[in-house]
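Below: the structure, in C-alpha coordinates.
The values are calculated or read from the model by the stated rules, or taken from the named source; none is laboratory data. If you're wondering where the values come from, they're calculated on a predicted model, not measured in any experiment. Note that each Cβ is placed from the backbone with ideal geometry, even for glycine, and that neighbours are counted across all protein chains shown. Heads up: the accessible areas ignore ligands, DNA and RNA and are worked out on the full protein's heavy atoms, side chains in. Shrake-Rupley method; radii C 1.70, N 1.55, O 1.52, S 1.80 Å.
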Amino acid sequence: MILITGGAGFIGSNFVLDWLAQSDERIVNLDKLTYAGNLHNLSSLSKDPRHIFVQGDIGDTKLVSQILAQYQPRAIINLAAESHVDRSIHGPEDFIQTNILGTFRLLEAVRAYWNELESITQQNFRFLHISTDEVYGSLTQNVPAFTEEHRYKPNSPYSASKASSDHLVRAYHHTYGLPVLTTNCSNNYGPFQFPEKLIPLIIVNALAGKSLPVYGDGQQIRDWLFVTDHCSAIRRVLEAGIPGETYNIGGWNEKPNIEIIQTICTLLEESFPSSTFHKLITYVKDRPGHDRRYAINATKIERELNWRPAESFETGIRKTIQWYLNNQKWIANIQTGAYREWIEKNYSRLR
Ligand code: NAD
Ligand code: DAU
(Lines give C-alpha, C1' and ligand atoms only; values in the text may rest on other atoms or scores of the structure.)
(Ligands and ions follow the chains in the order given, each with its own letter.)
Protein backbone atom coordinates (compact mmCIF):
# COMPACT_ATOMS: atom_id res chain seq x y z
CA MET A 1 0.00 0.00 0.00
CA ILE A 2 0.99 3.63 -0.43
CA LEU A 3 0.51 6.71 1.75
CA ILE A 4 -0.49 9.98 0.15
CA THR A 5 -0.58 13.30 2.00
CA GLY A 6 -2.84 16.15 0.87
CA GLY A 7 -5.02 13.66 -1.02
CA ALA A 8 -8.22 15.68 -0.53
CA GLY A 9 -6.82 18.73 -2.35
CA PHE A 10 -6.93 19.46 -6.07
CA ILE A 11 -4.04 17.35 -7.38
CA GLY A 12 -4.30 14.85 -4.52
CA SER A 13 -7.93 13.93 -5.15
CA ASN A 14 -7.30 13.60 -8.89
CA PHE A 15 -4.33 11.37 -8.06
CA VAL A 16 -6.31 9.13 -5.68
CA LEU A 17 -9.15 8.70 -8.19
CA ASP A 18 -6.72 7.99 -11.01
CA TRP A 19 -4.65 5.57 -8.94
CA LEU A 20 -7.63 3.46 -7.88
CA ALA A 21 -9.01 3.49 -11.44
CA GLN A 22 -5.83 1.73 -12.55
CA SER A 23 -4.68 -0.32 -9.58
CA ASP A 24 -6.01 -2.26 -6.64
CA GLU A 25 -3.13 -1.21 -4.42
CA ARG A 26 -4.64 0.48 -1.36
CA ILE A 27 -4.07 4.13 -0.47
CA VAL A 28 -3.97 5.70 2.97
CA ASN A 29 -4.81 9.38 2.55
CA LEU A 30 -3.60 11.75 5.30
CA ASP A 31 -5.09 15.22 4.93
CA LYS A 32 -5.68 18.00 7.45
CA LEU A 33 -8.75 19.23 5.53
CA THR A 34 -7.81 22.90 5.48
CA TYR A 35 -10.02 25.24 3.43
CA ALA A 36 -8.44 23.60 0.34
CA GLY A 37 -9.21 20.00 1.30
CA ASN A 38 -12.58 18.65 0.22
CA LEU A 39 -13.75 15.10 0.91
CA HIS A 40 -16.65 15.56 -1.54
CA ASN A 41 -14.01 15.18 -4.28
CA LEU A 42 -13.64 11.56 -3.15
CA SER A 43 -17.30 10.78 -2.49
CA SER A 44 -17.27 8.12 -5.23
CA LEU A 45 -14.84 6.18 -2.99
CA SER A 46 -16.88 6.43 0.21
CA LYS A 47 -17.60 2.68 0.22
CA ASP A 48 -14.33 1.59 -1.42
CA PRO A 49 -12.12 -0.32 1.08
CA ARG A 50 -9.05 0.48 -1.02
CA HIS A 51 -9.17 4.12 0.16
CA ILE A 52 -8.51 4.81 3.85
CA PHE A 53 -8.90 8.44 4.89
CA VAL A 54 -7.23 9.86 7.99
CA GLN A 55 -7.78 13.48 8.95
CA GLY A 56 -4.58 14.91 10.38
CA ASP A 57 -1.46 17.01 10.00
CA ILE A 58 1.79 15.90 8.35
CA GLY A 59 3.50 17.71 11.25
CA ASP A 60 1.84 15.44 13.83
CA THR A 61 4.71 13.02 14.41
CA LYS A 62 2.74 10.72 16.71
CA LEU A 63 -0.11 10.32 14.22
CA VAL A 64 2.20 9.85 11.23
CA SER A 65 4.26 7.25 13.13
CA GLN A 66 1.06 5.37 14.03
CA ILE A 67 -0.08 5.37 10.40
CA LEU A 68 3.32 4.11 9.22
CA ALA A 69 3.41 1.35 11.84
CA GLN A 70 -0.17 0.25 11.13
CA TYR A 71 -0.20 0.34 7.31
CA GLN A 72 3.50 -0.26 6.47
CA PRO A 73 3.41 1.67 3.17
CA ARG A 74 5.98 0.86 0.50
CA ALA A 75 5.94 4.51 -0.65
CA ILE A 76 4.86 7.98 0.42
CA ILE A 77 3.73 10.72 -1.94
CA ASN A 78 3.89 14.09 -0.21
CA LEU A 79 1.42 16.54 -1.74
CA ALA A 80 0.25 18.23 1.46
CA ALA A 81 1.04 21.93 1.37
CA GLU A 82 -0.29 25.42 1.52
CA SER A 83 -0.35 26.11 -2.20
CA HIS A 84 -1.70 29.58 -3.05
CA VAL A 85 0.83 32.35 -3.72
CA ASP A 86 -1.60 35.21 -2.91
CA ARG A 87 -2.44 33.68 0.46
CA SER A 88 1.29 33.37 1.22
CA ILE A 89 1.60 37.12 0.61
CA HIS A 90 -1.25 37.91 3.01
CA GLY A 91 -0.05 35.48 5.67
CA PRO A 92 3.14 33.40 5.30
CA GLU A 93 2.93 31.68 8.72
CA ASP A 94 0.85 28.67 7.62
CA PHE A 95 3.25 28.14 4.71
CA ILE A 96 6.23 27.96 7.05
CA GLN A 97 4.35 25.63 9.41
CA THR A 98 3.15 23.12 6.83
CA ASN A 99 5.56 23.37 3.93
CA ILE A 100 8.77 23.62 5.96
CA LEU A 101 8.14 22.34 9.50
CA GLY A 102 5.47 19.86 8.41
CA THR A 103 7.73 18.35 5.74
CA PHE A 104 10.59 18.19 8.25
CA ARG A 105 8.46 16.34 10.82
CA LEU A 106 7.12 14.01 8.16
CA LEU A 107 10.67 13.24 7.04
CA GLU A 108 11.72 12.53 10.62
CA ALA A 109 8.84 10.09 11.17
CA VAL A 110 9.54 8.43 7.83
CA ARG A 111 13.26 8.13 8.57
CA ALA A 112 12.53 6.36 11.87
CA TYR A 113 10.11 3.95 10.11
CA TRP A 114 12.45 3.35 7.16
CA ASN A 115 15.43 2.63 9.44
CA GLU A 116 13.58 -0.35 10.93
CA LEU A 117 12.59 -1.93 7.60
CA GLU A 118 14.30 -5.08 6.32
CA SER A 119 17.10 -4.43 3.86
CA ILE A 120 15.20 -5.27 0.65
CA THR A 121 12.06 -3.37 1.74
CA GLN A 122 14.28 -0.46 2.68
CA GLN A 123 15.87 -0.42 -0.78
CA ASN A 124 12.52 -0.53 -2.55
CA PHE A 125 10.92 2.17 -0.36
CA ARG A 126 10.31 5.60 -1.95
CA PHE A 127 9.52 9.06 -0.56
CA LEU A 128 8.21 11.13 -3.47
CA HIS A 129 8.06 14.86 -2.77
CA ILE A 130 5.80 16.94 -5.03
CA SER A 131 7.20 20.39 -5.67
CA THR A 132 6.81 23.28 -8.06
CA ASP A 133 8.60 25.12 -10.86
CA GLU A 134 8.26 28.31 -8.78
CA VAL A 135 11.35 27.35 -6.75
CA TYR A 136 13.48 28.34 -9.77
CA GLY A 137 12.22 31.95 -9.72
CA SER A 138 11.23 34.01 -12.73
CA LEU A 139 12.46 33.85 -16.34
CA THR A 140 12.79 36.73 -18.79
CA GLN A 141 11.35 36.38 -22.30
CA ASN A 142 13.39 34.29 -24.77
CA VAL A 143 15.71 32.60 -22.26
CA PRO A 144 15.61 28.78 -22.11
CA ALA A 145 13.07 26.98 -19.91
CA PHE A 146 13.96 25.63 -16.43
CA THR A 147 16.00 22.42 -16.42
CA GLU A 148 16.66 20.39 -13.26
CA GLU A 149 20.05 22.15 -13.06
CA HIS A 150 18.55 25.64 -12.84
CA ARG A 151 19.55 27.42 -9.61
CA TYR A 152 16.89 27.91 -6.93
CA LYS A 153 15.74 31.54 -6.63
CA PRO A 154 12.26 31.54 -5.07
CA ASN A 155 10.50 34.91 -4.90
CA SER A 156 7.32 34.47 -2.83
CA PRO A 157 6.84 33.12 0.70
CA TYR A 158 5.09 30.15 -0.98
CA SER A 159 7.94 29.31 -3.34
CA ALA A 160 10.56 29.95 -0.64
CA SER A 161 8.77 27.49 1.66
CA LYS A 162 8.57 24.87 -1.13
CA ALA A 163 12.27 25.42 -1.95
CA SER A 164 13.08 24.90 1.69
CA SER A 165 11.17 21.61 1.77
CA ASP A 166 12.95 20.46 -1.41
CA HIS A 167 16.32 21.12 0.25
CA LEU A 168 15.30 19.12 3.33
CA VAL A 169 14.18 16.20 1.17
CA ARG A 170 17.45 16.31 -0.75
CA ALA A 171 19.45 16.42 2.51
CA TYR A 172 17.64 13.34 3.89
CA HIS A 173 18.86 11.41 0.86
CA HIS A 174 22.40 12.75 0.98
CA THR A 175 22.85 12.40 4.75
CA TYR A 176 20.68 9.42 5.70
CA GLY A 177 20.30 7.58 2.40
CA LEU A 178 16.47 7.87 2.43
CA PRO A 179 15.35 6.90 -1.12
CA VAL A 180 13.69 10.17 -2.11
CA LEU A 181 12.45 11.51 -5.43
CA THR A 182 11.43 15.12 -6.11
CA THR A 183 9.26 16.45 -8.91
CA ASN A 184 8.97 20.11 -9.91
CA CYS A 185 5.82 20.69 -11.90
CA SER A 186 4.35 23.66 -13.73
CA ASN A 187 0.82 25.13 -13.31
CA ASN A 188 -1.91 22.47 -13.17
CA TYR A 189 -5.54 22.94 -14.13
CA GLY A 190 -8.56 20.63 -14.33
CA PRO A 191 -11.45 19.25 -12.23
CA PHE A 192 -11.65 19.94 -8.48
CA GLN A 193 -9.32 22.97 -8.50
CA PHE A 194 -10.30 25.45 -5.80
CA PRO A 195 -11.56 28.69 -7.40
CA GLU A 196 -8.89 30.87 -5.83
CA LYS A 197 -6.52 29.85 -8.66
CA LEU A 198 -6.66 31.62 -12.03
CA ILE A 199 -8.52 29.17 -14.31
CA PRO A 200 -11.33 28.07 -11.96
CA LEU A 201 -11.67 31.62 -10.60
CA ILE A 202 -12.24 32.97 -14.11
CA ILE A 203 -14.76 30.23 -14.96
CA VAL A 204 -16.67 30.62 -11.70
CA ASN A 205 -16.71 34.44 -11.85
CA ALA A 206 -17.79 34.43 -15.50
CA LEU A 207 -20.69 32.07 -14.77
CA ALA A 208 -21.76 34.39 -11.95
CA GLY A 209 -21.46 37.51 -14.17
CA LYS A 210 -18.66 38.89 -11.96
CA SER A 211 -15.54 40.75 -13.10
CA LEU A 212 -12.56 38.68 -14.34
CA PRO A 213 -9.50 40.10 -12.54
CA VAL A 214 -6.26 40.36 -14.54
CA TYR A 215 -3.24 41.17 -12.37
CA GLY A 216 -1.01 43.92 -13.83
CA ASP A 217 -0.71 43.86 -17.63
CA GLY A 218 -1.78 40.20 -17.96
CA GLN A 219 1.38 39.35 -19.90
CA GLN A 220 2.83 37.04 -17.23
CA ILE A 221 3.48 33.60 -18.67
CA ARG A 222 2.70 30.24 -17.06
CA ASP A 223 3.27 26.74 -18.48
CA TRP A 224 0.00 24.80 -18.17
CA LEU A 225 -0.44 21.05 -17.59
CA PHE A 226 -3.75 19.17 -17.32
CA VAL A 227 -3.92 17.61 -13.87
CA THR A 228 -4.29 13.97 -14.99
CA ASP A 229 -1.03 14.37 -16.94
CA HIS A 230 0.64 15.43 -13.70
CA CYS A 231 -0.85 12.32 -12.06
CA SER A 232 0.53 10.04 -14.78
CA ALA A 233 3.96 11.67 -14.39
CA ILE A 234 3.89 11.11 -10.61
CA ARG A 235 3.00 7.43 -11.15
CA ARG A 236 5.83 7.07 -13.65
CA VAL A 237 8.41 8.72 -11.37
CA LEU A 238 7.30 6.50 -8.49
CA GLU A 239 7.65 3.44 -10.70
CA ALA A 240 10.94 4.17 -12.45
CA GLY A 241 12.58 7.32 -11.02
CA ILE A 242 16.08 7.01 -9.60
CA PRO A 243 16.37 7.81 -5.86
CA GLY A 244 18.04 11.15 -5.22
CA GLU A 245 17.01 12.50 -8.64
CA THR A 246 14.65 15.37 -9.41
CA TYR A 247 12.34 15.48 -12.43
CA ASN A 248 10.76 18.56 -13.99
CA ILE A 249 7.19 18.03 -15.23
CA GLY A 250 5.50 20.31 -17.74
CA GLY A 251 3.25 20.42 -20.75
CA TRP A 252 5.23 22.64 -23.16
CA ASN A 253 2.25 25.01 -23.00
CA GLU A 254 3.48 28.50 -22.26
CA LYS A 255 0.71 31.09 -22.37
CA PRO A 256 0.22 34.67 -21.15
CA ASN A 257 -2.53 35.04 -18.55
CA ILE A 258 -4.63 37.34 -20.71
CA GLU A 259 -4.71 34.69 -23.45
CA ILE A 260 -5.96 32.09 -20.96
CA ILE A 261 -8.71 34.43 -19.78
CA GLN A 262 -9.76 35.30 -23.34
CA THR A 263 -9.81 31.61 -24.32
CA ILE A 264 -12.11 30.81 -21.40
CA CYS A 265 -14.44 33.68 -22.41
CA THR A 266 -14.53 32.49 -26.02
CA LEU A 267 -15.28 28.87 -25.05
CA LEU A 268 -17.99 29.92 -22.59
CA GLU A 269 -19.56 32.06 -25.31
CA GLU A 270 -19.84 28.88 -27.44
CA SER A 271 -21.97 27.38 -24.64
CA PHE A 272 -23.89 30.61 -23.94
CA PRO A 273 -24.10 32.40 -27.33
CA SER A 274 -26.18 35.27 -26.03
CA SER A 275 -23.57 36.24 -23.37
CA THR A 276 -20.41 38.33 -23.82
CA PHE A 277 -17.97 37.23 -21.14
CA HIS A 278 -15.09 39.28 -22.64
CA LYS A 279 -16.64 42.46 -21.32
CA LEU A 280 -16.15 41.22 -17.75
CA ILE A 281 -12.32 41.29 -18.11
CA THR A 282 -10.96 43.84 -15.60
CA TYR A 283 -7.34 44.88 -15.10
CA VAL A 284 -6.50 45.17 -11.38
CA LYS A 285 -3.41 46.02 -9.32
CA ASP A 286 -0.56 43.56 -9.74
CA ARG A 287 0.41 40.80 -7.29
CA PRO A 288 3.42 42.03 -5.23
CA GLY A 289 6.66 40.42 -6.48
CA HIS A 290 4.75 38.80 -9.36
CA ASP A 291 6.96 36.34 -11.27
CA ARG A 292 6.96 37.21 -14.97
CA ARG A 293 7.48 33.84 -16.62
CA TYR A 294 7.73 30.14 -15.78
CA ALA A 295 8.62 27.53 -18.38
CA ILE A 296 9.53 23.88 -17.87
CA ASN A 297 12.01 21.90 -19.90
CA ALA A 298 10.56 18.37 -19.51
CA THR A 299 13.21 16.62 -21.60
CA LYS A 300 14.64 14.58 -18.72
CA ILE A 301 11.39 12.86 -17.72
CA GLU A 302 10.49 12.33 -21.38
CA ARG A 303 13.84 10.81 -22.29
CA GLU A 304 14.66 8.85 -19.13
CA LEU A 305 11.17 7.75 -18.06
CA ASN A 306 9.35 7.88 -21.37
CA TRP A 307 6.56 10.10 -20.00
CA ARG A 308 4.58 12.48 -22.17
CA PRO A 309 1.41 14.51 -21.52
CA ALA A 310 -1.74 13.12 -23.14
CA GLU A 311 -3.65 16.43 -23.29
CA SER A 312 -2.94 19.59 -25.24
CA PHE A 313 -4.06 22.89 -23.71
CA GLU A 314 -6.89 23.02 -26.25
CA THR A 315 -8.34 19.64 -25.18
CA GLY A 316 -7.61 20.14 -21.48
CA ILE A 317 -9.26 23.54 -21.18
CA ARG A 318 -12.44 22.29 -22.89
CA LYS A 319 -12.63 19.35 -20.46
CA THR A 320 -12.03 21.69 -17.54
CA ILE A 321 -14.74 24.18 -18.52
CA GLN A 322 -17.19 21.33 -19.14
CA TRP A 323 -16.41 19.87 -15.71
CA TYR A 324 -17.20 23.17 -13.97
CA LEU A 325 -20.40 23.53 -16.04
CA ASN A 326 -21.46 20.02 -15.00
CA ASN A 327 -20.53 20.51 -11.34
CA GLN A 328 -22.16 23.75 -10.28
CA LYS A 329 -23.25 22.12 -7.03
CA TRP A 330 -19.60 21.45 -6.19
CA ILE A 331 -18.90 25.15 -6.80
CA ALA A 332 -21.84 26.22 -4.62
CA ASN A 333 -20.71 23.89 -1.81
CA ILE A 334 -17.29 25.49 -1.49
CA GLN A 335 -18.52 29.06 -1.68
CA THR A 336 -18.79 29.21 2.08
CA GLY A 337 -18.31 32.24 4.31
CA ALA A 338 -14.57 31.52 4.46
CA TYR A 339 -14.32 31.56 0.66
CA ARG A 340 -16.25 34.82 0.40
CA GLU A 341 -13.98 36.39 3.02
CA TRP A 342 -10.89 35.43 1.00
CA ILE A 343 -12.26 36.96 -2.21
CA GLU A 344 -13.15 40.16 -0.34
CA LYS A 345 -9.70 40.35 1.30
CA ASN A 346 -7.63 39.69 -1.83
CA TYR A 347 -9.57 41.56 -4.47
CA SER A 348 -10.49 44.69 -2.49
CA ARG A 349 -6.73 45.30 -2.08
CA LEU A 350 -6.12 44.88 -5.78
CA ARG A 351 -8.66 47.34 -7.09
P1 NAD B 1 -4.32 22.26 -2.72
O2 NAD B 1 -4.14 23.50 -1.93
O3 NAD B 1 -5.49 22.10 -3.62
O4 NAD B 1 -4.36 21.00 -1.72
C5 NAD B 1 -3.49 20.87 -0.62
C6 NAD B 1 -4.04 19.78 0.28
O7 NAD B 1 -3.12 19.62 1.38
C8 NAD B 1 -5.41 20.10 0.89
O9 NAD B 1 -6.25 18.98 0.80
C10 NAD B 1 -5.09 20.43 2.35
O11 NAD B 1 -6.16 20.11 3.23
C12 NAD B 1 -3.88 19.55 2.59
N13 NAD B 1 -3.01 20.08 3.68
C14 NAD B 1 -2.60 21.34 3.87
N15 NAD B 1 -1.82 21.41 4.98
C16 NAD B 1 -1.74 20.14 5.47
C17 NAD B 1 -1.07 19.56 6.59
N18 NAD B 1 -0.33 20.32 7.43
N19 NAD B 1 -1.19 18.24 6.79
C20 NAD B 1 -1.95 17.47 5.96
N21 NAD B 1 -2.62 17.97 4.91
C22 NAD B 1 -2.51 19.29 4.66
O23 NAD B 1 -2.95 22.06 -3.49
P24 NAD B 1 -2.68 21.40 -4.93
O25 NAD B 1 -2.81 22.44 -5.96
O26 NAD B 1 -3.43 20.14 -5.03
O27 NAD B 1 -1.12 21.10 -4.77
C28 NAD B 1 -0.67 19.88 -4.20
C29 NAD B 1 0.84 19.89 -4.17
O30 NAD B 1 1.35 20.05 -5.48
C31 NAD B 1 1.44 21.02 -3.33
O32 NAD B 1 2.57 20.51 -2.66
C33 NAD B 1 1.85 22.05 -4.37
O34 NAD B 1 2.95 22.82 -3.91
C35 NAD B 1 2.24 21.17 -5.53
N36 NAD B 1 2.09 21.77 -6.87
C37 NAD B 1 0.90 22.33 -7.25
C38 NAD B 1 0.78 22.85 -8.54
C39 NAD B 1 -0.52 23.49 -9.02
O40 NAD B 1 -0.52 24.08 -10.10
N41 NAD B 1 -1.61 23.37 -8.30
C42 NAD B 1 1.86 22.78 -9.43
C43 NAD B 1 3.06 22.20 -8.99
C44 NAD B 1 3.15 21.67 -7.72
O1 DAU C 1 3.79 27.02 -11.21
C2 DAU C 1 3.22 26.12 -10.31
C3 DAU C 1 2.38 26.86 -9.30
O4 DAU C 1 1.22 27.29 -10.00
C5 DAU C 1 2.00 26.02 -8.09
O6 DAU C 1 3.17 25.71 -7.38
C7 DAU C 1 1.04 26.80 -7.18
O8 DAU C 1 0.61 25.96 -6.12
C9 DAU C 1 -0.17 27.20 -8.01
O10 DAU C 1 -1.04 28.00 -7.21
C11 DAU C 1 0.28 28.01 -9.24
O12 DAU C 1 0.81 29.31 -8.86
P13 DAU C 1 0.46 30.63 -9.71
O14 DAU C 1 0.68 31.81 -8.84
O15 DAU C 1 1.14 30.61 -11.03
O16 DAU C 1 -1.12 30.33 -9.97
P17 DAU C 1 -2.41 31.28 -9.87
O18 DAU C 1 -3.54 30.46 -10.44
O19 DAU C 1 -2.59 31.88 -8.54
O20 DAU C 1 -2.09 32.42 -10.91
C21 DAU C 1 -1.76 32.14 -12.27
C22 DAU C 1 -1.39 33.47 -12.92
O23 DAU C 1 -2.58 34.27 -13.04
C24 DAU C 1 -0.41 34.31 -12.13
O25 DAU C 1 0.45 34.98 -13.03
C26 DAU C 1 -1.29 35.31 -11.39
C27 DAU C 1 -2.45 35.51 -12.35
N28 DAU C 1 -3.76 35.82 -11.74
C29 DAU C 1 -4.20 34.99 -10.74
C30 DAU C 1 -5.41 35.20 -10.13
C31 DAU C 1 -5.90 34.31 -9.02
C32 DAU C 1 -4.54 36.87 -12.21
O33 DAU C 1 -4.15 37.59 -13.15
N34 DAU C 1 -5.75 37.07 -11.62
C35 DAU C 1 -6.22 36.31 -10.59
O36 DAU C 1 -7.33 36.60 -10.07
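For THR320, all conditions in the list (1) touching a helix residue (DSSP H, G or I) at 6+ places or on another chain (Cβ under 6 Å); (2) closer than 23 Å to LEU39 by Cβ; (3) of a type in the set (Val, Ile, Thr) hold save one; what is the number of the exception?
Checking THR320 against (1) touching a helix residue (DSSP H, G or I) at 6+ places or on another chain (Cβ under 6 Å); (2) closer than 23 Å to LEU39 by Cβ; (3) of a type in the set (Val, Ile, Thr), the one that fails is (1).
So which residues in segment 207-249 are part of a helix (DSSP H, G or I), over 28 Å from GLN123 (Cα atoms) and within 16 Å of ligand 1 (Cβ to nearest atom)?
VAL227, THR228 - these are the residues of segment 207-249 that are part of a helix (DSSP H, G or I), over 28 Å from GLN123 (Cα atoms) and within 16 Å of ligand 1 (Cβ to nearest atom).
Among the residues in segment 265-284, are any touching a residue at least 40 places away in the same chain (Cβ under 8 Å) and within 16 Å of ligand 1 (Cβ to nearest atom)?
Checking segment 265-284: not a single residue is touching a residue at least 40 places away in the same chain (Cβ under 8 Å) and within 16 Å of ligand 1 (Cβ to nearest atom).
Within segment 78-110, which residues are among the charged types (D, E, K, R), near ligand 1 (Cβ under 8 Å from one of its atoms) and over 14 Å from the mean Cα position of the chain (by Cα)?
ASP94 - this is the single residue of segment 78-110 that is among the charged types (D, E, K, R), near ligand 1 (Cβ under 8 Å from one of its atoms) and over 14 Å from the mean Cα position of the chain (by Cα).
Any chance you could count how many residues in segment 19-32 are more than 15 Å from the chain's Cα centre (by Cα) and either under 24 Å from LYS197 (Cα atoms) or of a type in the set (Ser, Thr, Tyr) (or both)?
4
What's the number of the condition TYR176 fails, among (1) touching a residue at least 60 places away in the same chain (Cβ under 8 Å); (2) surrounded by 20 or more Cβ atoms within 10 Å (Cβ to Cβ); (3) over 16 Å from the mean Cα position of the chain (by Cα)?
Unmet for TYR176, out of (1) touching a residue at least 60 places away in the same chain (Cβ under 8 Å); (2) surrounded by 20 or more Cβ atoms within 10 Å (Cβ to Cβ); (3) over 16 Å from the mean Cα position of the chain (by Cα): (2).
Counting only residues that are near ligand 2 (Cβ under 8 Å from one of its atoms) and open to solvent by 10 Å² or more (accessible area, probe 1.4 Å), which one in segment 191-212 is farthest from GLY7 (Cα to Cα)?
Per the stated criteria, the residue is LEU198.
Give the residue, chosen from ALA160, ALA171, that is over 27 Å from PRO288 (Cα atoms) and either part of a loop (DSSP other than H, G, I, E, B) or open to solvent by 10 Å² or more (accessible area, probe 1.4 Å) (or both).
Result: ALA171 is the single residue among ALA160, ALA171 that is over 27 Å from PRO288 (Cα atoms) and either part of a loop (DSSP other than H, G, I, E, B) or open to solvent by 10 Å² or more (accessible area, probe 1.4 Å) (or both).
Filtering segment 61-95 down to residues that are in contact with a helix residue (DSSP H, G or I) (Cβ under 6 Å, 6 or more places away or on another chain) and more than 14 Å from THR5 (Cα to Cα), which residue is nearest to ligand 2 (Cβ to nearest atom)?
Looking at the filtered set, the residue picked out is VAL85.
Restricting the search to segment 34-62, which residues are free of Cβ contacts under 8 Å to residues at least 24 places away in the same chain and over 30 Å from GLN328 (Cβ atoms)?
Selection gives PRO49, LYS62.
Working only within segment 305-344, note down all residues that are touching a Lys or Arg at 6+ places or on another chain (Cβ under 6 Å) and either open to solvent by 40 Å² or more (accessible area, probe 1.4 Å) or in a helix (DSSP H, G or I) (or both).
LEU305
Filter segment 250-262 down to residues that are assigned to a helix (DSSP H, G or I), open to solvent by less than 40 Å² (accessible area, probe 1.4 Å) and out of contact with any Leu (no Cβ under 7 Å at 6 or more places or on another chain), then give me how many there are.
Matching residues across segment 250-262 total 1.
Are any of the residues in segment 265-288 among the β-branched types (Val, Ile, Thr), in a helix (DSSP H, G or I) and at pLDDT 95 or above?
Looking for residues that are among the β-branched types (Val, Ile, Thr), in a helix (DSSP H, G or I) and at pLDDT 95 or above, one finds at least one in segment 265-288, hence yes.
Residues checked against (1) closer than 23 Å to TYR339 by Cβ; (2) surrounded by fewer than 17 Cβ atoms within 10 Å (Cβ to Cβ); (3) of a type in the set (Phe, Trp, Tyr):
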residue	(1), (2), (3)
LEU33	yes, yes, no
ALA36	yes, no, no
HIS40	yes, yes, no
SER43	yes, yes, no
SER46	no, yes, no
ILE58	no, no, no
SER65	no, yes, no
